[in-house]
Amino acid sequence: MEPNSLKWVGSSCGLHGPYIFYKAFKCTRDGKARILALGDFFFVRCKPEDPICIAELQLLWEERTSKQLLSSSKLYFLPEDTPQGRSVAHGEHEVIAVSEKVIVRLQDLVKWTVPDFSGWANGLKVEPLKPSVLRELGTNGRREALHRYRESTLTSGLNFKDVQRERAQLGQEEDGRKVLVLSYPQYCRYRSVLARLREQPSSLFIDHTVLALGGIAALGGSTRILYCRDTFENPTLLQNESICDEFGEFG
């Protein structure tokens, strides 16, 4: 990670004592700038020898006294990468969450990220919308409506317009979701919607009724969908020096 490359993106979204909360941050790694926002899922490796897992960014804040930039994330592992291993009870697209959220400084979280995840083949693959559908989204205001729907359902109603604007300036795929972890009921609803719309135009996936029923629209690039219905204790995280338990009040 390049020195001094960390920067908050968008306005703050909360204040509590010495803590200021934010929606997103910008970082640079290997010469490439990237924005990560609340609700994003991305690939990480907690230590060089550890397996790749998925992080869900859930909280971002700054401790004003010490100027520490901090994050809280939920980690998801493939069943075969847990102490119990994979069993016949695990689904093909299942991941298991670490029972405790992990709090790390932003600079350490960036070091954990895995820029090249081309080898990840797990999960149900969702093909992106056709270019004609994307063009239509851009001309009739439905793209903005789709973003507002996601904000209300995925990120507790926070306004991410300023974050989206900076992502567009970066040329970053505005969807930013190469991987997505659903709850088991969400996954079942999505599979049901897929079955119902199998022979229908892909434009139906941006219909608000379809989205409300569990549909998912992949705007930029293909997305891998997995689900989680269980947790486990990860003893290796206890020895990870990057984890900041002393800031666990908001984790």
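The values are calculated or read from the model by the stated rules, or taken from the named source; none is laboratory data. Source: prediction; values computed, not measured. Glycine also receives a Cβ, built like all others from the backbone with ideal geometry; neighbour counts cover every protein chain displayed. The accessibility values were calculated without ligands, DNA or RNA, using every heavy atom of the protein model including side chains. Shrake-Rupley method; radii C 1.70, N 1.55, O 1.52, S 1.80 Å.
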Residues located in region 203-219, provided they are modelled with pLDDT under 65, under 24 Å from ALA168 (Cα atoms) and open to solvent by 20 Å² or more (accessible area, probe 1.4 Å): SER203, PHE205, ASP207, HIS208
Can you name the condition, by its number, that VAL98 falls short on among (1) without any contact (Cβ under 8 Å) to a residue 60 or more places away in the chain; (2) over 15 Å from the mean Cα position of the chain (by Cα)? (1)
Quick check on region 80-88. Is at least one of its residues without any contact (Cβ under 8 Å) to a residue 12 or more places away in the chain and open to solvent by less than 50 Å² (accessible area, probe 1.4 Å)? yes
When you go through (1) buried (at least 19 other Cβ atoms within 10 Å of the Cβ); (2) part of a loop (DSSP other than H, G, I, E, B); (3) not β-branched (Val, Ile, Thr) one by one for LEU57, which number turns out not to apply? (2)
